[in-house]
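Asks: Dropping the structure in here first, questions after.
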């Protein structure tokens, strides 16, 4: 499963393979340079999904959306499970 920590190195590698600077990527993706630098360094940044998609597309990456392997439990399900556990 894809992890947020994987994103920075992937963007960095793809950008470097294109001989693109962080500043160029920021301009092309219409995203603040600070966001690019923080993403590549693995530092959480307040980037929007739209910005993230633009950044990834500018360096030739795609971010697929997929269903989680299992359904997430509801609050009611967790309460019921807790009652059955005791």
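Asks: Hey, what did the chain get for relative contact order, percent, Cα under 8 Å, at least 6 apart?
Replies: 28 percent
Asks: Would you indicate which of [x] 3, 12, 14, 14, 14, 15, 13, 7, 4, 2, 1, 1, 0; [y] 3, 12, 15, 15, 15, 19, 16, 6, 1; [z] 3, 13, 21, 20, 9, 7, 7, 7, 6, 4, 3, 1 is the value of P(r) over Cα pairs in 5 Å bins from 0, in percent derived from the coordinates of this structure?
Replies: Recomputing P(r) over Cα pairs in 5 Å bins from 0, in percent here picks out [z].
Asks: Another one. Taking the chain as the reference, fit the longest principal axis to its C-alpha atoms, fit the long axis of helix 75-85 to the helix C-alpha atoms, and give the angle between the two in degrees, 0 to 90, nearest 10.
Replies: Between the helix axis and the principal axis of the chain, the angle is about 50 degrees.
Asks: Using alpha carbons only, how many degrees (0 to 90, rounded to 10) separate the axis of helix 49-58 from the longest principal axis of the chain?
Replies: Orientation of helix 49-58: about 40 degrees from the principal axis.
Asks: OK, next. With n ≥ 4 as the cut-off for DSSP H runs, can you work out [θ] at 222 nm for the chain, using -39500 (n - 2.57) per run divided by the number of residues, rounded to the nearest 500? Before the final figure, lay out each step's value.
Replies: Values: 5 runs with 52 residues, N = 86.
Helix contribution divided over all residues of the chain: -18000 deg cm²/dmol.
Asks: Pick from 64, 73, 44: which is most flexible by mean-square fluctuation in a GNM of the chain where alpha carbon atoms under 10 Å apart are linked?
Replies: 73
Asks: Then there's this: Once label points are set 7 Å from the Cα along Cα→Cβ at both residue 48 and residue 81, what is their separation, rounded to one decimal in nm?
Replies: With each label point 7 Å from Cα toward Cβ, the separation is 3.5 nm.
Each reported figure results from applying straightforward, stated rules to the coordinates on display, with no laboratory input. Every value quoted in this text rests on a predicted model; they were computed, and no experiment measured them. Note: ideal-geometry Cβ built from the backbone for every residue, glycine included; neighbour counts use all protein chains shown.
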